[in-house]
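Take a look at the structure set out below.
Read-outs throughout are calculated quantities, based only on the coordinates presented, and are distinct from any laboratory measurement. If you're wondering where the values come from, they're calculated on a predicted model, not measured in any experiment. Positions of Cβ are backbone-derived with ideal geometry, glycine not excepted, and every protein chain shown enters the neighbour counts.
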Amino acid sequence: MTFLFASLGAKRLGLLHQLVPQATTIAVLVHRNSPQAEAELRDLPAAARAMGLRLLILDVGNVRDIEAAVATAVQSGAGALSVGGGAFLNSQRKRLVALAARHKLPASYPLKEFAMIGGPMSYGPSISGAYRQAGIYVGRILKGEKPADLPVVQASKFEFVVNLKTARALGLEFHPQLLATADEVIE
């Protein structure tokens, strides 16, 4: 099963740019040891150039690096933060959301779970949908199908979630057209 985090970085960057069009520098937080980090970073420079943005790539290798990376983003004049996908960054979602809020840094996250705990917006695969698909595969294997005979399944449902409460606290206003595209709005 693949979650397609790598191919969604440019889409998240575009949504973040729509939310904060005045931001000319976007900090991108990645964990380079994650399997998808290289692929996720591959499309971002071209997308940023097309939008007239400067990227500040910040690598976090462990928990201690996170606070320093967010501080570097703020000191470097980043107008927004885009957090990459992967297990490590997902496991640090409370810390990441809290740091971005403390620094009043608009941020975009790869999973709905970030927006549910206070991130202003997220765009990514539906984890519950992916787990449901994984359960179907487990059932097929338990019924005798060989795992090697099963095709790789890509996430097919993506969620754009907006947390209006957080956006208002940051002084951000979602354009009505952008808000209309949200799959879920948290008030």
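Summary of computed values
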read-out: Cβ-placed point charges (K, R +1; D, E -1), dipole of region 12-133 about Cα centre in debye, nearest 20; value: 220 debye
read-out: Local electrostatic count at L179 - Lys and Arg +1, Asp and Glu -1, tallied over other residues with Cβ under 13 Å; value: -3
read-out: Value at 222 nm in deg cm²/dmol, rounded to 500, when DSSP H runs of n ≥ 4 in the chain each add -39,500 (n - 2.57); value: -14000 deg cm²/dmol
read-out: Shape category assigned to region 26-177 from the gyration tensor of Cα positions, a/c cut at 1.5; value: prolate
read-out: Sparse-neighbour loop sites [trypsin sites (Lys or Arg not before Pro); region 7-83; at most 15 other C-beta within 10 Å; DSSP]; value: R32
read-out: Lysine pair number, Cα distance threshold 25 Å (strictly under), region 70-187, separation 8 or more or different chains; value: 9
read-out: Ranked list, fewest to most other Cβ atoms within 10 Å of each Cβ, for D65, D149; value: D149, D65
read-out: Cα gyration tensor, region 121-180 - rounded (a/c under 1.5), prolate or oblate; value: prolate
read-out: Cα lying deepest toward the dipole's positive end in region 5-128, options Q18, P45, L89, charges on Cβ; value: Q18
